[in-house]
2 protein chains.
Amino acid sequence: MTVRARAGRVTIHDIAADLGVSVSTVSRALTPGGNVSVETRRRVEEAAGRLDYRTNRAARSLSTGRMHSIGLIVPDLRDPFFAEVAKGAQMRARSVDHSVYIADTDRSAELEFEAIDMMRRDVDGFLVCAPLGADEPLREHLRGTTAVMVHRELAGLPSVTSDLDSGIAQAVQHLRALGHRRIAHVAGPESSWGARRRRAAFEREVAEADRVLLGPVADPFEGGVAMADALLASGATAVIAYNDLVALGLVTRLRARGVSVPEGMSVVGFDGLDVATLATSLTSVSVPRQVAARSAVDLLLRALEGDAGPASIVLPTQLIVRDSTAPLRL
Amino acid sequence: MTVRARAGRVTIHDIAADLGVSVSTVSRALTPGGNVSVETRRRVEEAAGRLDYRTNRAARSLSTGRMHSIGLIVPDLRDPFFAEVAKGAQMRARSVDHSVYIADTDRSAELEFEAIDMMRRDVDGFLVCAPLGADEPLREHLRGTTAVMVHRELAGLPSVTSDLDSGIAQAVQHLRALGHRRIAHVAGPESSWGARRRRAAFEREVAEADRVLLGPVADPFEGGVAMADALLASGATAVIAYNDLVALGLVTRLRARGVSVPEGMSVVGFDGLDVATLATSLTSVSVPRQVAARSAVDLLLRALEGDAGPASIVLPTQLIVRDSTAPLRL
DNA sequence: AATCACGATGGAAAGGGTTGCATAGATTCC
DNA sequence: GGAATCTATGCAACCCTTTCCATCGTGATT
């Protein structure tokens, strides 16, 4: 190294010198499982505080092979859903002395794989938020890493998801209780795990005679706008949208067509985003995002401890009734 | 180290052994400025590719003191404005082989300082997106680090901001051109640098006799909702909101009051968020977010090269006229 | 032909922790 | 009381890369 002003950097050697003990003793005193007397530990901790010591993560990583950081793969941070995942993951990780490398893949599978290959050696494991794309290539790129899937299941890997089936069921029940019989679903992209799951749940809940299937839509808001006319023509009196943005698109176009919501059409969103409460007070199935992210961090850390094979967590979803659904008018 | 399965890890030693040269030669061949023959470099690069070598960042950091990573401080990732900053920063950083540690401070100055203290030794420098809070304590905590302020100026530090003054001026001119005379501004929090700046620009652009100052509002959307009645009572026929969310709040309440937008009131937002085009097609002053973040990364990297003292970049803002503004009706 | 300069390379130390092994001192047990 | 056990500590190797310094060969210069 040499040249650089390494000034100010307090190391365990400084602490050792200050206390007249060896560096190994200091190191042990500073690591949770270390074998040192309570008295020594106390003195070391005191000195560390006094000298404002911070462990050098590069040195520790080099020595232990553990990076103390995790990679988070998200398709698009602009999407508030993923932004919240990032927020939750990052806060939890920070609280257990890990940091989060975020890779925004701009919804490209290509960039996704690239990011994984890029980071695989610099992180201990991955949190993978990749709703789109085929299973096999993803699994292939994750081979050899420790990874937890978030909001998607991938056979063989641990995952944290939410109970989409129950969410759909709750929405259907809610609409039925309001007297609706003919119910539509605007499906999301066929390539999305969550979209497929929601559609399947919908088909299970609503008998063929009563259901209307629309979509799939690619761009959520625009797709919702585009589907509104078909929805009106279908004879359905209520609709469950793939997500909140689709719902917002539907509402916008419906109102432009002179159909009021909820009087003329009941609309249920999915995700429970804040944005869905802004212009329209949207009834929506709330999906835990920060909680899911936190759980995923915990799961990953446990997997890194060698604690587990594939384990999975399914978090509850909850229908939040607001003002975009109303009793059927005859 | 020992125990751990360091398997698979290809090091420069492996390349050296493979080629029958020394590790120093390999290292030099792999660093841009290294003094090696073209032929050697070619062979090393070939071997590196063949063996799938990736440099061990921990070891490199330990040796050079450079972390190849930067810390990004944001108040809240759920806010789409900051999410886009994060996205932009992260993508640019990745393209120049740096990674980004994001710290979401949940709008707390306390957590902000804590994050800075926490990360200061693990990153080469900071990108600080901290619109709120006093100058002095922030400057104090950033002392000894290399930092670039983003969307805020802080004397003595380089910054990347956008031309808020021009943005306000464009909005005012637009409204004047539409015939509006009495113009209101709903100000944002007094503790926000950008809010103060916008308000000052507004006061410069609109003479005291013509202007109506409302606010400040704390919570944007709710604040907008709450200010709508005062706006109506003020006699203003047009309003420039502190940001898009405030504008959305205004529009929502105005419409609930039976005042149509833009016929009964012209509303201009600020920031140009996508969300502002969803329910309402909001006229807004667009602020570059990803570009600002990218520039900030570049600026920081240059500062780390020792290239500069405080330099600052001011990016242009641009009024986007949509459907929430209309000619004054007499 | 001897000297110089220079480009390319190798050797080795350094960077800051962690940890296996050895050791010294204290404690326990028969 | 001596041997065995245990605890707390120190020593030193190791993680992987960078970089200073030394070396060696080659071509240029005088």
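Side notes on the structure shown:
- B:Asp76 vs. criteria within 14 Å of chain A (Cβ to nearest Cβ), away from DNA strand D (no atom under 11 Å from the Cβ), in contact (Cβ under 8 Å) with a residue 12 or more places away in the chain and surrounded by fewer than 16 Cβ atoms within 10 Å (Cβ to Cβ): no
- A count restricted to the range B:284-309 and to residues that are surrounded by fewer than 16 Cβ atoms within 10 Å (Cβ to Cβ) and in a loop (DSSP other than H, G, I, E, B) stands at 5.
- Condition check for B:Ser95: away from DNA strand D (no atom under 12 Å from the Cβ), touching a His at 6+ places or on another chain (Cβ under 9 Å) and of a type in the set (S, T, N, Q): no
- Any chance A:Ala89 is in contact with a Pro (Cβ under 8 Å, 6 or more places away or on another chain) and more than 16 Å from DNA strand D (Cβ to nearest atom): no
- Residues in the range B:132-148 that are touching a residue at least 40 places away in the same chain (Cβ under 8 Å) and surrounded by 22 or more Cβ atoms within 10 Å (Cβ to Cβ): B:Ala147, B:Val148.
- Within the range B:59-72, residues that are of a type in the set (Gly, Ala, Ser) have Cβ atoms under 8 Å from residues that are within 8 Å of DNA strand C (Cβ to nearest atom) and assigned to a loop (DSSP other than H, G, I, E, B) in these pairs: B:Ser63/A:Met1; B:Gly65/A:Met1; B:Gly65/A:Arg6, counting only partners at least 6 apart in sequence or on another chain.
- The condition (being within 14 Å of chain B (Cβ to nearest Cβ) and surrounded by fewer than 17 Cβ atoms within 10 Å (Cβ to Cβ)) is satisfied by just one residue among A:Ser281, A:Ser312: A:Ser281.
- A:Leu19 falls short of the stated requirement of being under 28 Å from B:Arg9 (Cα atoms) and within 12 Å of DNA strand D (Cβ to nearest atom).
- In the range B:35-66, the residues that are of a type outside the set (Lys, Arg), within 16 Å of A:Ser61 (Cα to Cα) and within 11 Å of DNA strand C (Cβ to nearest atom): B:Asn56, B:Ala58, B:Ala59, B:Ser61, B:Leu62, B:Ser63, B:Thr64, B:Gly65
- Taken over the range B:39-59, the residue count meeting the criterion of being under 32 Å from the mean Cα position of the chain (by Cα) and more than 8 Å from chain A (Cβ to nearest Cβ) is 1.
- Residue ID - nearest to the other protein chains (Cβ to nearest Cβ), chosen from residues in the range A:239-252 that are part of a helix (DSSP H, G or I) and in contact (Cβ under 8 Å) with a residue 60 or more places away in the chain: A:Val251
- Scanning the range A:74-86 for residues that are among the basic types (Lys, Arg) and part of a helix (DSSP H, G or I) yields a count of 0.
- Residues that are touching a residue at least 60 places away in the same chain (Cβ under 8 Å) and farther than 18 Å from A:Trp193 by Cβ, drawn from the range A:157-181: A:Gln170, A:Ala171, A:Val172, A:His174, A:Leu175, A:Leu178, A:Gly179, A:His180, A:Arg181
- Counted residues, the range B:33-67 - those being near DNA strand D (Cβ under 10 Å from one of its atoms) and closer than 28 Å to A:Asp124 by Cα: 15
- Condition check for A:Arg255: more than 16 Å from A:Ala83 (Cα to Cα), basic (Lys, Arg), within 14 Å of chain B (Cβ to nearest Cβ) and in a helix (DSSP H, G or I): yes
Throughout, read-outs are computed from the coordinates displayed, never taken from laboratory work. Just so you know, these numbers come straight off a predicted model, no measurement behind them. Note that each Cβ is placed from the backbone with ideal geometry, even for glycine, and that neighbours are counted across all protein chains shown.
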